[in-house]
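The values are calculated or read from the model by the stated rules, or taken from the named source; none is laboratory data. Only a predicted model underlies this, so the values are computations on that prediction, with no experimental measurement involved. For neighbour counting, all protein chains shown are included, and Cβ atoms are generated from backbone atoms with ideal geometry for every residue, glycine included. These area figures cover heavy atoms from the full protein model, side chains too; ligands, DNA and RNA do not enter into them. Shrake-Rupley method; radii C 1.70, N 1.55, O 1.52, S 1.80 Å.
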Amino acid sequence: MVILILRAYLDFLTLVLIAYFIRHTVFTLNRMLGEQRLCCQDIMDSCLPAMTVIVPMHNEEKVASDILNLLAMADYPREKLEIIPVNDHSTDSTGEIIERYRERYAFIKPLHRVPPFSGKRGKPSALNDALMLANGEIVAVFDADYLPTAGILRDIAVSFKDLDVGAVMGRVIPVNAGRNFLTRMLDLERSGGYQVDQQARYNLRLIPQYGGTVGGFRKDLMLSLGGFDPDALAEDTELTFKLLISGWKVAYANRAECYEEVPETWEARARQLERWVRGHTRVMLRYFFPLLKSPRLSKRGKADGVLLLGVYVVSPLLLLGIADSIALFFLGLPPVFPFALVSMAAGFSTFGNFAPFYEIGAASLLDGSSFRIRLLPLLLFNFLFSMWHAAKGLFEALMDSAVKRKAHWCKTERYRAADL
Amino acid sequence: MKGAIFYHRAYRKPFFSTRAFLLRLFILVAPLEAALRILYPRLVRLMSLAVKLAFSCSGPFRGDAPGVGDVFWLAGRYPSRLFSLLLFLLSLLSAPFFFKSKIAKPITLWLLLISAINLVSAAFFLLAPSSFPWTAQDFSEYYIQAELCIWALIPFLMGLVLAPMPSGLWSQWGTVLATLLYSIIFGTVRFMVFIYVLSGISMAFMPVLFFMFGPLVDFVYIVAAYSLHISAIAANTRADPKAWRWLY
């Protein structure tokens, strides 16, 4: 009986991994061979919507000036633009920095969420409060460490010309990619995730994900959907699925690039990954059945939605699969076929972590990276690291659900020198 | 529309059609798979012969695994209770050492997993040594079977990931063939190392050899071959607008 259960688990895992292998292979082939769908970013339109840019900030003195300088120079009609940097319970000089920009630019209108203000700390709460003040029809969100280009607000705004679009996502490029081995690996991963994965999902009319930054959404739509869940750790994933279930689309603008900082230490990466997995899993538990029941999605959309919701579950399943194979080994079951098959499927799907190696390779080729692609085999080391920390994040999410525990928001460390 | 739309990587696409991709995939995969199907008993025999010679053994092969052919094996060295106890303690005590060490976290996790597997194996040999279900002959046969799976996989996987790439058919074919040859040679050398460990050191290391240094490691060179090929194409194509179809 025990052997049957263990074998059945391996068979189930193999099917899951093969499903993801097929999905990512289809994405790669579509990006390389299929018809590419472009967001509207090459349309010139003098009739741009009023836009609010929200930049949540908690202790962001190292990076606040950079993003505010760049947004102040954005190529967008001043009379239609407002920027709301949100000082969210900062204990450093973030508040003072924001105030200096308020004095210089009339369209920068800070929101200070500091004592005696007693609202919950965290990005979703900060966004909700800023939404109540926003005058724009479209809201763009940037995390504080991002470095937006001059034209990106236009690219985001124009994408909403499609009336079915509820949210738009741009592309994220690490600015510190060359810092060390980890940042190079993360650059490869981001490249695969955006240049191939997101673009293919948009081409195939599946589900590009709104990533919570370098993107935007319709303000009134967001308010009608109840805003952001203040307890969410992955408010971006939640928004994506809220929109989809309500019949709205998410557009992906590959041309709209913005620079970000990726974690430079393994500890910071572990914390980031655990937070993403924990938040994503909470969304999965909440939206799995509503997704399947939604009358507004096609079967294909629902299938992709399920695979998207489950993307972070694969790693912990794989970790259990390794333990399962070892148990079967000691129970006398020939290890070859099951483990070899799991290894192969795992190799296809997860060698390269959340974007398989062939997606990353195709993306690097399209991006014009040559030397960095040679680091791909070293993703083997990331493989176990990601599996372990994804498993931790999943466990935390399941505990959150089981004991009705609230998660606390903790931001990723910044590495740039302060510009005061 | 804009008066001028500049070349941007978001608009790049190779000069390739689905039909050309499928044809290329067939050409990359079919001949090598057919050759493997015909030649695999000889390859297995050659592999076993190489290992037999490396261990300076004379006489005929010791095994004839069904469906696989001549497989070389040597009698395994079962661990003594003392060895099992030492392995158990070493694996157990290494965990806090690895946690506290300054080694990069990903490498630490790999070492911890290796220790965990050795810990389980040592515990098994301490508690139920006569119940260990595998012999050295079993291992050799299963190893060869795993190698055959990998060899069969390489043309298919490499073909699938290389066929849509904008490089010449011959260079792609060469990459797949080189990867396959490397796999055969690497597999043979690894086989020698595994047999040495099992017959000369201890059978307690059998699980860790298979699970941590077996099929999973094969992906390293498969991905390495792929990445070298792609980096060569990228170096040639990135600065040349004519190398790409642009979406407008």
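Of the residues making up the range B:160-179, just one is within 21 Å of the chain's Cα centre (by Cα), open to solvent by 50 Å² or more (accessible area, probe 1.4 Å) and small (G, A, S), namely B:A178.
Does at least one position in the range B:143-159 carry a residue that is more than 9 Å from chain A (Cβ to nearest Cβ) and more than 15 Å from the chain's Cα centre (by Cα)? Yes; the residues of the range B:143-159 include at least one that is more than 9 Å from chain A (Cβ to nearest Cβ) and more than 15 Å from the chain's Cα centre (by Cα).
So, in the range B:70-121, of the ones that are open to solvent by 50 Å² or more (accessible area, probe 1.4 Å) and in a loop (DSSP other than H, G, I, E, B), which residue ends up nearest to B:L46 (Cα to Cα)? That would be B:A75. Of the listed requirements (1) crowded, with 20+ Cβ neighbours inside 10 Å; (2) out of contact with any helix residue (DSSP H, G or I) (no Cβ under 9 Å at 6 or more places or on another chain); (3) of a type in the set (S, T, N, Q), B:S140 misses just one: (2).
Within the range A:39-61, the presence of a residue that is under 30 Å from A:L308 (Cα atoms), in a loop (DSSP other than H, G, I, E, B) and of a type in the set (S, T, N, Q) is excluded.
Does A:I97 qualify as being crowded, with 22+ Cβ neighbours inside 10 Å and not in a strand (DSSP E or B)?
In short, yes.
Only one residue in B:A235, B:A243, B:A204 is facing chain A (nearest Cβ under 8 Å) and of a type in the set (A, V, I, L, M). Which one? Talk me through it step by step, then tell me what you get.
Details: B:A243 fails: facing chain A (nearest Cβ under 8 Å); B:A204 fails: facing chain A (nearest Cβ under 8 Å).
Answer to the check: B:A235.
Hey, can you tell me all the residues within the range B:181-211 that are of a type in the set (A, V, I, L, M, F, W, C), open to solvent by 10 Å² or more (accessible area, probe 1.4 Å), in contact (Cβ under 8 Å) with a residue 24 or more places away in the chain and more than 25 Å from B:S130 (Cβ to Cβ)? Answer for the range B:181-211, where residues must be of a type in the set (A, V, I, L, M, F, W, C), open to solvent by 10 Å² or more (accessible area, probe 1.4 Å), in contact (Cβ under 8 Å) with a residue 24 or more places away in the chain and more than 25 Å from B:S130 (Cβ to Cβ): B:I184, B:F186, B:M192. Close contacts from the range B:141-163, counting a first residue that is of a type in the set (A, V, I, L, M, F, W, C) and a second that is not in a helix (DSSP H, G or I), with Cβ to Cβ under 8 Å and a gap of 6+ residues or different chains, come to B:I144/B:A65; B:I144/B:V68; B:I144/B:V71; B:A146/B:G214; B:L148/B:V68.
State all residues of the range B:143-159 that are open to solvent by less than 40 Å² (accessible area, probe 1.4 Å) and not β-branched (V, I, T); if no residue qualifies, say none.
Taking the range B:143-159 first, the residues open to solvent by less than 40 Å² (accessible area, probe 1.4 Å) are B:143-144, B:146-148, B:150-151, B:153-155, B:157-159.
Hits for the range B:143-159 are B:Y143, B:A146, B:E147, B:L148, B:W151, B:L153, B:P155, B:L157, B:M158, B:G159.
For the range A:370-392: of the residues being closer than 21 Å to B:A234 by Cβ and more than 7 Å from chain B (Cβ to nearest Cβ), which is least open to solvent (accessible area, probe 1.4 Å)? Only one residue fits best here, namely A:L379. Just for the range B:207-232: of the residues that are within 30 Å of B:F125 (Cβ to Cβ) and β-branched (V, I, T), which one is nearest to the other protein chains (Cβ to nearest Cβ)? Per the stated criteria, the residue is B:V220.
Report those helices (runs of 4 or more DSSP H) wholly inside the range A:156-263 carrying at least 1 residues which are open to solvent by 10 Å² or more (accessible area, probe 1.4 Å) and within 22 Å of A:A362 (Cβ to Cβ).
Values: elements: A:181-191, A:199-203, A:219-224, A:235-245.
Output list reads A:181-191, A:199-203.
Taken over the range A:122-144, the criterion of being in a loop (DSSP other than H, G, I, E, B) and either surrounded by fewer than 20 Cβ atoms within 10 Å (Cβ to Cβ) or over 27 Å from the mean Cα position of the chain (by Cα) (or both) is satisfied by A:N135, A:E137.
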